[in-house]
């Protein structure tokens, strides 16, 4: 059946009016083979491999954009968690490696590079501990490098020593980048049950079981889903509403997978996965919060918000799974505050507190994402927030994360501005009740019964 | 052949002597070191498949143009296509009030020009006619709208 004018116009409306684009094509590169006990050799191995393998990534993405008229917002690279490729180094060595990664990113023309990472859910080696301690400096002296630390899994439980340390590291990162509204914290995420093929920043890294090189793709299509929901009459029931979302998710997933496969094949690299998370942008109309409002809520934060998000998330998965056999990564709606226009407005109006956001993270893909809190929040409180999200993650066997920005010198009523896709975040209030004894206990929070499933 | 400095070769020889133990004699050591160097070289030189950007993306493109209706839109667009030896396979147009929309399915296989060049030419012609023109390979529509 030939393509009709209506179908063509629908596609063009999606891309031109509703901001449908590909959020990212992320090339995963294994750097395990760059290992060396000589720092200089290691740095040059990593630099050379990135420059060799990534050389055509941006050009290929641009060609595909031009051929198919679909824009690709970011071109990114994810590498093997650095602590695996480079264990046993000193704190300052990791900063130097981060500089080399940043240099390669600049020269390749990519937007972000993920993988300044460590997986420490059960404990750490000296190298991993040093890498974590190097994060504040590494993120303050680089532009493109992003860091993620996995501190919990359903199988291993929660490494509470790491949770405690990450509260401190986040505070230090904020202090080191205080002149830029603590932007370092926007490039640092703490995970539970981290996926190994996630194309989205700041959590992207190239998992140890991945092939040498792979291209993964992430979508951005809240605007398209928003139209599908807005056009639904007020008396449409939930099954039909879900069906509308599902159909639209199918189309955008197909487009995303197609684009990812083209970018991969141009570089003779295998295609990995399409992540069907609906990444919002700070542009009006490209907001997950707006979709929830269009379902019939006065604003996000209203009673029913968590249910609305659950419906959205599940419906998108239904469509996405029908569209592609290669769904992976996070694959659920994102609810970052600073990156979502509707969410920013809701926070400014005082409609949604951090506790409601926490509840919402039980039914969507990430967690407390891009949330700015007062600069005087203690490191123990931040650790407590991380511990709560980890508990949700391991108990519900899902990914959760915390990307939180304790903005130095700022308080509720102020806001931080990062620009671009990172947007702006009004400072949200967070409980200041004392939790020091709880956080200082340390050790390993045992794996939940749910994790012992053999 | 990549050059190895003396220290590297000496270290290699030392390691060979250590590993060979009692079997170490000058001849064997030389053989082992040469074999090791050859192996390193082979690994370093394993070629990566060449990257070709001329990827087959199909020869059918879809041109969509919108703008205020006026005399000569269809003529203008088909003229530039004919000049580029592009074959119009199908077209649909609609006028809603003053607003004109047209879609052309075009085969570019006989053109001596690349997709990019044809795209730029059509967009430029569209601008002369005050039209917003989008040029895309057909495959994206098949992907999104057909199972």
Given points 7 Å out from each Cα along the Cα-Cβ axis, report the residue A:318 to residue A:9 separation in nanometres with one decimal. 2.8
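Run the numbers for residue B:91 and residue B:70: contour at 0.36 nm per residue of separation, minus the present Cα-Cα distance, in nm.
5.8 nm
Largest first and in whole Å, give the semi-axes of region B:6-45's equivalent ellipsoid, each being the square root of 5 times a Cα gyration tensor eigenvalue.
19, 11, 8
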Set the Förster distance to 30 Å, then compute FRET efficiency between residue A:62 and residue A:36 from the Cβ-Cβ distance, nearest 0.05. 0.35
Helix B:26-45: angle to the longest alpha-carbon principal axis of chain B, degrees 0 to 90, nearest 10? 10
Nearest 10, in degrees from 0 to 90: the angle of helix B:6-20 to the longest Cα principal axis of chain B is 60
Kindly give Rg over Rh for chain B, based on alpha-carbon atoms, with the Kirkwood expression for the hydrodynamic radius. 1.53
What is the mean projected area of the alpha carbon convex hull for region A:218-440, to one decimal in square nanometres? 13.4
Residue order, fewest to most surrounding Cβ atoms within 10 angstrom, among B:78, A:153: B:78, A:153
When A:243, A:376 are ranked with the fewest other C-beta atoms within 10 Å first, the list becomes A:376, A:243
Expressed as an acute angle from 0 to 90° and rounded to the nearest 10, what is the orientation of the C-alpha long axis of helix B:115-128 relative to the principal long axis of chain B? 30
Given a Förster distance of 56 Å, the FRET efficiency implied by the Cβ-Cβ spacing of residue A:234 and residue B:31, rounded to the nearest 0.05, works out to 0.10
Add -39500 (n - 2.57) for each DSSP H run of 4 or more in chain B, then divide by its residues: what number comes out at 222 nm, to the nearest 500 deg cm²/dmol? -14500 deg cm²/dmol
Length gained, residue A:141-residue A:209, 0.36 nm per residue minus C-alpha separation, equals 21.5 nm
Pull out a ≥ b ≥ c, the square roots of the eigenvalues of the alpha-carbon gyration tensor of region A:387-454, then state rounded if a/c is under 1.5, prolate if not and a/b is larger than b/c, and oblate in the remaining case. oblate
Take the Cα atoms of chain A, find their three principal axes, and give me the spread along each one in whole Å, biggest first. 61, 53, 50
For every helix of n ≥ 4 consecutive DSSP H residues, a contribution of -39,500 (n - 2.57) applies; sum these over chain A, divide by its total residues, and give [θ] at 222 nm rounded to the nearest 500 deg cm²/dmol. -13500 deg cm²/dmol
Cβ-based exposure ranking for A:356, B:39, A:398, in which fewest neighbours within 10 Å come first: B:39, A:356, A:398
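Please figure out what share of the DSSP beta bridges in region A:218-440 is antiparallel and state it in percent, rounded to the nearest 5.
In region A:218-440, DSSP labels about 25 percent of beta bridges as antiparallel.
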Counting partner chain Cβ atoms within 10 Å of every residue's Cβ in A:5-15, what's the average? 6
May I ask for the Kirkwood hydrodynamic radius of region A:319-377, worked out over all distinct Cα pairs and given in angstroms to one decimal? 13.1
Taking a ≥ b ≥ c as the square roots of the eigenvalues of the Cα gyration tensor of region B:60-145, is the shape rounded (a/c under 1.5), prolate (a/b larger than b/c) or oblate? oblate
For region A:327-444, what does the equivalent ellipsoid look like in terms of its semi-axes, each the square root of 5 times an eigenvalue of the Cα gyration tensor, given largest first in whole Å? 22, 20, 11
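Each value in this text was obtained by applying a stated rule to the coordinates, not by laboratory testing. As the structure is a computational prediction, the values presented were derived from the model and not from experiment. A quick note on method: Cβ atoms are made from the backbone with ideal geometry, for glycine too, and the neighbour counts reach across all protein chains shown.
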